[in-house]
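Some notes on the structure that comes next.
The values are calculated or read from the model by the stated rules, or taken from the named source; none is laboratory data. Computed from a prediction, not measured in an experiment: that's the story for all the values here. Positions of Cβ are generated from backbone atoms using ideal geometry, with glycine treated the same way; all protein chains shown enter the neighbour counts. Heads up: the accessible areas ignore ligands, DNA and RNA and are worked out on the full protein's heavy atoms, side chains in. Shrake-Rupley method; radii C 1.70, N 1.55, O 1.52, S 1.80 Å.
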Amino acid sequence: MTDGVNRRTVMTGLAASAAAAVFPPRVAAATYYPNEQHREVLRIAAEQVEKHRASLWRTDIVGIADFALPSSLPRFHFANLERGEVRSFLVAHGRGSDPEHDGFLKTFSNDVGSLATSRGAYVTYEWYKGKYGTSIRLGGLSPENSNVLDRAIVLHPAWYANPDMLEKWGKLGRSDGCFAMSEADFNEALWHLSGGRLIYADRLGLG
(Lines give C-alpha, C1' and ligand atoms only; values in the text may rest on other atoms or scores of the structure.)
Protein backbone atom coordinates (compact mmCIF):
# COMPACT_ATOMS: atom_id res chain seq x y z
CA MET A 1 0.00 0.00 0.00
CA THR A 2 2.75 2.40 0.96
CA ASP A 3 4.81 1.58 -2.15
CA GLY A 4 1.73 2.12 -4.34
CA VAL A 5 1.06 5.48 -2.79
CA ASN A 6 4.69 6.50 -3.20
CA ARG A 7 4.73 5.43 -6.85
CA ARG A 8 1.52 7.33 -7.53
CA THR A 9 2.93 10.38 -5.72
CA VAL A 10 6.15 10.26 -7.71
CA MET A 11 4.33 9.80 -11.03
CA THR A 12 1.95 12.65 -10.22
CA GLY A 13 4.88 14.89 -9.36
CA LEU A 14 6.70 14.03 -12.58
CA ALA A 15 3.57 14.73 -14.62
CA ALA A 16 3.12 18.08 -12.91
CA SER A 17 6.77 18.96 -13.57
CA ALA A 18 6.43 18.06 -17.23
CA ALA A 19 3.27 20.13 -17.53
CA ALA A 20 4.98 23.07 -15.87
CA ALA A 21 7.84 22.81 -18.36
CA VAL A 22 5.43 22.88 -21.30
CA PHE A 23 2.99 25.38 -19.81
CA PRO A 24 4.98 27.71 -17.54
CA PRO A 25 2.97 29.59 -14.89
CA ARG A 26 1.47 32.85 -16.08
CA VAL A 27 3.15 35.95 -14.67
CA ALA A 28 1.00 39.03 -14.11
CA ALA A 29 2.03 42.06 -16.18
CA ALA A 30 3.90 44.74 -14.26
CA THR A 31 1.59 47.49 -13.09
CA TYR A 32 2.61 51.11 -12.51
CA TYR A 33 1.38 52.45 -9.16
CA PRO A 34 2.08 56.18 -8.82
CA ASN A 35 3.02 57.40 -5.36
CA GLU A 36 1.51 60.48 -3.74
CA GLN A 37 4.12 62.79 -5.26
CA HIS A 38 3.45 61.44 -8.74
CA ARG A 39 -0.31 61.75 -8.32
CA GLU A 40 0.12 65.40 -7.39
CA VAL A 41 2.46 65.99 -10.33
CA LEU A 42 -0.12 64.49 -12.69
CA ARG A 43 -2.89 66.58 -11.13
CA ILE A 44 -0.94 69.83 -11.53
CA ALA A 45 0.04 68.89 -15.08
CA ALA A 46 -3.58 68.27 -16.07
CA GLU A 47 -4.69 71.48 -14.37
CA GLN A 48 -2.07 73.58 -16.18
CA VAL A 49 -2.84 71.97 -19.54
CA GLU A 50 -6.48 72.97 -19.22
CA LYS A 51 -5.45 76.50 -18.30
CA HIS A 52 -3.08 76.92 -21.26
CA ARG A 53 -4.50 74.49 -23.83
CA ALA A 54 -5.02 77.18 -26.47
CA SER A 55 -1.26 77.89 -26.56
CA LEU A 56 -0.14 74.25 -26.79
CA TRP A 57 0.33 71.98 -29.77
CA ARG A 58 0.73 68.77 -27.78
CA THR A 59 -0.75 67.86 -24.41
CA ASP A 60 0.46 64.29 -23.90
CA ILE A 61 3.52 65.06 -21.75
CA VAL A 62 4.06 68.02 -19.41
CA GLY A 63 7.24 69.11 -17.64
CA ILE A 64 6.73 70.09 -13.98
CA ALA A 65 9.74 71.73 -12.26
CA ASP A 66 9.47 71.76 -8.47
CA PHE A 67 12.00 74.36 -7.34
CA ALA A 68 11.09 73.90 -3.66
CA LEU A 69 13.50 70.95 -3.80
CA PRO A 70 17.30 71.36 -3.85
CA SER A 71 19.25 70.82 -7.07
CA SER A 72 20.63 67.55 -5.66
CA LEU A 73 17.23 65.85 -6.08
CA PRO A 74 15.34 64.88 -9.26
CA ARG A 75 12.82 67.74 -9.38
CA PHE A 76 12.02 68.06 -13.09
CA HIS A 77 9.09 65.71 -13.57
CA PHE A 78 7.92 64.54 -16.99
CA ALA A 79 4.22 63.79 -16.49
CA ASN A 80 2.76 61.50 -19.15
CA LEU A 81 -0.95 62.30 -18.95
CA GLU A 82 -1.91 59.60 -21.44
CA ARG A 83 -0.24 56.79 -19.49
CA GLY A 84 -0.50 58.26 -15.99
CA GLU A 85 3.24 57.93 -15.45
CA VAL A 86 5.94 60.27 -14.12
CA ARG A 87 9.69 60.25 -14.75
CA SER A 88 11.94 62.61 -12.81
CA PHE A 89 15.28 64.21 -13.69
CA LEU A 90 17.85 66.61 -12.29
CA VAL A 91 17.62 70.24 -13.39
CA ALA A 92 19.69 73.32 -12.50
CA HIS A 93 18.30 76.71 -11.51
CA GLY A 94 19.63 80.22 -12.20
CA ARG A 95 22.55 81.77 -10.34
CA GLY A 96 20.45 84.85 -9.64
CA SER A 97 18.00 82.65 -7.74
CA ASP A 98 20.76 81.14 -5.59
CA PRO A 99 23.49 83.76 -5.02
CA GLU A 100 24.99 81.78 -2.11
CA HIS A 101 25.20 78.69 -4.34
CA ASP A 102 23.99 76.33 -1.65
CA GLY A 103 21.79 74.33 -4.03
CA PHE A 104 18.47 75.91 -3.02
CA LEU A 105 16.44 78.36 -5.12
CA LYS A 106 15.63 81.44 -3.01
CA THR A 107 13.84 83.77 -5.41
CA PHE A 108 12.31 83.91 -8.88
CA SER A 109 12.73 86.82 -11.25
CA ASN A 110 11.44 87.85 -14.66
CA ASP A 111 13.88 90.78 -14.97
CA VAL A 112 16.32 90.97 -17.89
CA GLY A 113 19.84 90.55 -16.52
CA SER A 114 18.73 88.91 -13.27
CA LEU A 115 20.23 85.49 -14.21
CA ALA A 116 17.38 84.04 -12.16
CA THR A 117 14.83 81.32 -12.79
CA SER A 118 11.30 82.48 -13.61
CA ARG A 119 8.18 80.78 -12.32
CA GLY A 120 5.11 80.13 -14.41
CA ALA A 121 3.99 78.27 -17.52
CA TYR A 122 6.19 77.88 -20.61
CA VAL A 123 5.60 76.45 -24.07
CA THR A 124 8.41 74.58 -25.80
CA TYR A 125 9.32 75.68 -29.33
CA GLU A 126 11.78 74.40 -31.93
CA TRP A 127 15.28 72.97 -31.54
CA TYR A 128 18.32 75.08 -32.38
CA LYS A 129 22.10 74.91 -32.02
CA GLY A 130 23.38 77.13 -29.23
CA LYS A 131 26.25 77.52 -26.78
CA TYR A 132 25.49 74.12 -25.24
CA GLY A 133 24.63 72.36 -28.48
CA THR A 134 21.11 71.35 -29.42
CA SER A 135 18.67 73.27 -27.20
CA ILE A 136 14.93 73.98 -27.04
CA ARG A 137 13.54 77.49 -27.28
CA LEU A 138 10.86 78.46 -24.77
CA GLY A 139 8.03 80.96 -24.70
CA GLY A 140 6.50 82.46 -21.57
CA LEU A 141 2.76 82.01 -20.98
CA SER A 142 2.57 83.75 -17.59
CA PRO A 143 3.10 87.34 -16.40
CA GLU A 144 5.93 86.00 -14.21
CA ASN A 145 7.94 84.78 -17.23
CA SER A 146 6.90 87.19 -19.97
CA ASN A 147 10.54 88.10 -20.71
CA VAL A 148 11.63 84.56 -21.53
CA LEU A 149 12.46 85.33 -25.17
CA ASP A 150 14.24 88.61 -24.36
CA ARG A 151 16.27 86.83 -21.68
CA ALA A 152 17.03 83.86 -23.98
CA ILE A 153 15.78 81.41 -21.38
CA VAL A 154 15.85 77.93 -22.94
CA LEU A 155 16.05 74.24 -22.11
CA HIS A 156 19.55 72.90 -22.75
CA PRO A 157 22.10 70.27 -21.69
CA ALA A 158 25.06 71.30 -19.54
CA TRP A 159 28.08 69.62 -17.96
CA TYR A 160 27.33 71.35 -14.66
CA ALA A 161 24.00 69.51 -14.45
CA ASN A 162 25.57 66.05 -14.76
CA PRO A 163 25.18 63.64 -11.81
CA ASP A 164 28.92 63.62 -11.10
CA MET A 165 28.53 67.17 -9.81
CA LEU A 166 26.59 65.72 -6.88
CA GLU A 167 29.39 63.31 -6.05
CA LYS A 168 31.88 66.16 -6.06
CA TRP A 169 29.91 69.09 -4.61
CA GLY A 170 26.57 67.72 -3.37
CA LYS A 171 24.68 70.09 -5.72
CA LEU A 172 24.48 71.04 -9.38
CA GLY A 173 26.04 74.09 -10.93
CA ARG A 174 23.87 77.10 -11.77
CA SER A 175 22.53 78.36 -15.09
CA ASP A 176 21.81 81.92 -16.20
CA GLY A 177 18.13 81.23 -15.61
CA CYS A 178 17.73 78.38 -18.10
CA PHE A 179 16.45 74.87 -17.43
CA ALA A 180 19.76 73.01 -17.64
CA MET A 181 19.68 69.20 -17.63
CA SER A 182 22.43 66.59 -17.67
CA GLU A 183 23.84 65.89 -21.10
CA ALA A 184 22.46 62.34 -21.05
CA ASP A 185 19.01 63.22 -19.73
CA PHE A 186 18.52 66.08 -22.18
CA ASN A 187 17.74 63.59 -24.94
CA GLU A 188 14.59 62.72 -22.98
CA ALA A 189 13.50 66.35 -23.16
CA LEU A 190 14.46 66.61 -26.80
CA TRP A 191 12.24 63.70 -27.82
CA HIS A 192 9.43 63.91 -25.27
CA LEU A 193 9.05 67.54 -24.18
CA SER A 194 9.75 69.69 -27.24
CA GLY A 195 7.37 70.72 -30.01
CA GLY A 196 4.65 72.79 -28.38
CA ARG A 197 4.37 71.08 -24.99
CA LEU A 198 3.98 72.69 -21.58
CA ILE A 199 6.51 73.27 -18.80
CA TYR A 200 5.32 74.58 -15.48
CA ALA A 201 7.77 75.83 -12.84
CA ASP A 202 7.16 76.93 -9.26
CA ARG A 203 8.01 76.17 -5.64
CA LEU A 204 5.55 73.31 -5.34
CA GLY A 205 6.97 71.37 -2.39
CA LEU A 206 5.80 67.97 -3.63
CA GLY A 207 8.55 66.09 -1.78
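Observations, loosely collected:
- Other-chain or far-sequence residues with amide H under 5 Å of residue 65's (modelled H): 77, 200, 201, 202
- Partner lysines for residue 168 [C-alpha distance under 27 Å; skip if fewer than 8 residues away on the same chain]: 106, 131
- Rounded to the nearest Hz, the phi-derived 3J(HN,Hα) couplings of segment 142-159 under the Karplus curve 6.51 cos²θ - 1.76 cosθ + 1.60 (θ = phi - 60°) are 10, x, 6, 9, 5, 9, 3, 5, 5, 8, 6, 7, 9, 10, 8, x, 7, 4, where x marks glycine and proline.
- 1.4 Å probe accessible area per residue over segment 36-138, in Å²: 47 Å²
- Size of charge dipole - segment 35-129 - debye, nearest 20, with Cβ of Lys, Arg +1 and Asp, Glu -1, no other charges: 180 debye
- Here the peptides 199-205, 56-62 are ranked by packing, the mean other Cβ count within 10 Å, and the order with the highest first is 199-205, 56-62.
- Alpha-carbon gyration tensor eigenvalues x 5, square-rooted, for segment 34-90, Å: 20, 12, 10
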